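Peer 1: What follows is a single structure, and I will ask about it in a moment.
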Amino acid sequence: MSNVYILGSGAMGCLWASYLSQYHNVSFIKRRAIGEQYEFTYQPNNKLIRCMCYDAKTLSRPINRLILATKAYDALDALKPITHLLAEHTEIVLLQNGLGSQQEIVKHFPHLTIYACSSTEGAYKPDEHTLVHAGHGLNKIGALTQSANFQSLQSWIPNQFILWQDSIEAILWQKFMINCAINPLTVIYQCANGQLLKNSDYHQHLKKICVEIDIITTAKGYQLTSAYELARKVCEVTAENFSSMLQDARNHRHTEIEYMTGYLLKESARLKLECPNNQTLYSAIQQA
Ligand code: PAF
C-alpha cells in the first residue's frame with residue numbers, strides 16, 4: 001500500500017478515493033484539516049469510504065502520487081501551497097474540465113510527471129457524506145509531460161479504472177468542443193441539455209456556436225467529428241441533465257467559462273480567426 005493524495009473532495013475526488021482506497025492509503029488535502037477523518041458512503045453499494053485529511057501545513061512527507069480533482073479555476077492555486085512536497089518523480093493526474101488549466105500547470109511544473117484525464121463518469125454528491133455513482137464511464141488518461149508513461153501510471157492505478165491514450169490532447173479537445181457547445185448555452189437559456197435540440201431557437205444558436213468551434217478545431221490540425229454532431233449525441237443521451245456550468249451558475253458558484261469558451265477565444269485570437277457568436281456568448285455568461 002502506498003500513499004495517494006487527493007486535492008478536491010467534490011464528486012470526482014470522492015469517486016477516485018472510492019476506487020483507489022481499495023489499494024492504497026488515500027488522504028484528502030484540504031485547506032484546513034489536522035489529521036481528521038472524512039467519511040462518505042458510496043452509492044448504490046452503500047459502501048463506507050474512510051480517508052484521512054491533511055492540510056498543506058500538517059503534511060511533511062513528500063507527495064509521490066496525487067489526484068488533482070478541483071475545479072479548473074482552482075487547479076494551479078491548489079498546488080501552490082504543496083509545491084515544497086512535490087518532486088520530479090511526483091505523479092499527478094489532472095481531472096479538470098475544459099482546457100487551459102492543464103497547460104498552466106505543465107508550464108508551472110514542467111519537471112513533474114503529469115497526466116490528464118478526460119472522463120465520462122457520472123457522479124454527484126447530494127450531501128457532504130454521500131457519493132452517488134450515477135453512470136459508469138471511461139477515464140481516458142494520457143501523458144502531458146515527458147516523464148509520464150503508462151507503465152508508471154499502471155503501477156498505482158489499476159487498469160480497470162483507466163483507458164490509456166497515446167495522444168490525450170485530441171481527446172481533451174474533443175470533450176472541450178462538447179463543453180463549449182453545450183454548457184454556456186444551457187446557462188443562457190436556463191435549460192436541460194436536451195432542450196438545446198428541442199427548442200428551434202436554441203437549436204439554431206447551438207449550430208452557429210458549433211460552426212465556429214469547427215473552424216478553430218480544423219485550424220489546430222485536428223480531424224474530428226463536427227462539434228454539432230458531438231454535441232447533438234451528448235444532448236440526446238443526457239437530455240434531462242443540467243450541465244455542470246448551469247449547476248454552478250444556479251448555485252452562485254464560479255463557472256468554468258474561462259476554461260471553455262474563454263480558452264476557445266484565446267485560441268481563435270492566436271490563430272487570427274473570428275468567433276463572433278462565441279464572443280457574444282462569453283460576454284453574456286460573464287455578465288450573467
Ligand atoms: O459539463 C457537463 O455538464 C457535461 O460534461 C456535459 C457535456 C454538458 C454533459 O452533461
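The values are calculated or read from the model by the stated rules, or taken from the named source; none is laboratory data. Remember, it's a predicted structure, so these values are computed and weren't measured experimentally. Positions of Cβ are generated from backbone atoms using ideal geometry, with glycine treated the same way; all protein chains shown enter the neighbour counts. Just the protein is used for accessible areas: all its heavy atoms, side chains included, with ligands, DNA and RNA removed. Shrake-Rupley method; radii C 1.70, N 1.55, O 1.52, S 1.80 Å.
Peer 1: Tell me which of these Q190 doesn't satisfy, since it passes every other one: (1) at negative phi; (2) within 16 Å of the ligand (Cβ to nearest atom).
Peer 2: Exception for Q190: condition (1).
Peer 1: Which members of segment 235-266 meet the condition of being away from the ligand (no atom under 11 Å from the Cβ) and among the hydrophobic types (A, V, I, L, M, F, W, C)?
Peer 2: A249, I257, L264, L265
Peer 1: Follow-up. Quick one: would you say S152 is in a helix (DSSP H, G or I), away from the ligand (no atom under 13 Å from the Cβ) and not charged (D, E, K, R)?
Peer 2: Criteria met by S152.
Residue by residue, here is whether (1) surrounded by fewer than 16 Cβ atoms within 10 Å (Cβ to Cβ); (2) touching a residue at least 24 places away in the same chain (Cβ under 8 Å); (3) among the β-branched types (V, I, T) holds:
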site: S118; (1), (2), (3): no, yes, no
site: A123; (1), (2), (3): no, yes, no
site: E128; (1), (2), (3): yes, yes, no
site: L131; (1), (2), (3): no, yes, no
site: A143; (1), (2), (3): no, yes, no
site: Q146; (1), (2), (3): yes, no, no
site: Q151; (1), (2), (3): yes, no, no
site: S155; (1), (2), (3): yes, no, no
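Peer 1: For segment 25-36, check the following and say yes or no: at least one residue is in contact (Cβ under 8 Å) with a residue 12 or more places away in the chain and assigned to a helix (DSSP H, G or I).
Peer 2: no
Yes or no, residue by residue, for (1) in contact (Cβ under 8 Å) with a residue 60 or more places away in the chain; (2) in a loop (DSSP other than H, G, I, E, B); (3) within 21 Å of P276 (Cβ to Cβ):
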site	(1), (2), (3)
L197	no, no, no
Q204	no, no, yes
K207	no, no, yes
C210	no, no, yes
D214	no, no, yes
T217	no, no, yes
Q223	no, yes, no
E229	no, no, no
V234	no, no, no
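Peer 1: Follow-up question, since we're still on this one. Filter segment 173-199 down to the residues that are within 15 Å of S226 (Cα to Cα) and hydrophobic (A, V, I, L, M, F, W, C), then identify the one that is surrounded by the most Cβ atoms within 10 Å (Cβ to Cβ).
Peer 2: C180
Peer 1: Of everything in segment 45-66, what is farther than 28 Å from K80 by Cα and at pLDDT 95 or above? Give them in sequence order.
Peer 2: Selection gives N46, K47, L48.
Peer 1: If the requirement is being at pLDDT 95 or above and either over 21 Å from the mean Cα position of the chain (by Cα) or over 29 Å from Y124 (Cα atoms) (or both), which of these qualifies: A227, A181, A284?
Peer 2: Going through A227, A181, A284 in turn, the sole match is A284.
Peer 1: A239: open to solvent by less than 90 Å² (accessible area, probe 1.4 Å), within 17 Å of I188 (Cα to Cα), aliphatic (A, V, I, L, M) and under 22 Å from the mean Cα position of the chain (by Cα), yes or no?
Peer 2: In short, yes.
Peer 1: Here's another thing I want to ask about it. From the list S101, S2, exactly one residue is open to solvent by less than 50 Å² (accessible area, probe 1.4 Å) and modelled with pLDDT of 95 or more. Which is it?
Peer 2: Of S101, S2, the one residue that is open to solvent by less than 50 Å² (accessible area, probe 1.4 Å) and modelled with pLDDT of 95 or more is S101.
Peer 1: Oh, and also: Being touching a strand residue (DSSP E or B) at 6+ places or on another chain (Cβ under 9 Å) and at pLDDT 95 or above is true for just one of K208, K175. Which residue is that?
Peer 2: Unique residue meeting the criteria: K175.
Peer 1: Can you tell me how many residues within segment 21-46 are surrounded by 13 or more Cβ atoms within 10 Å (Cβ to Cβ) and basic (K, R)?
Peer 2: 1
Peer 1: I'm checking my understanding of the structure. Among residues of segment 193-208 that are touching a Cys at 6+ places or on another chain (Cβ under 9 Å) and within 20 Å of T255 (Cβ to Cβ), which one is farthest from the ligand (Cβ to nearest atom)?
Peer 2: Per the criteria, the residue is Y202.
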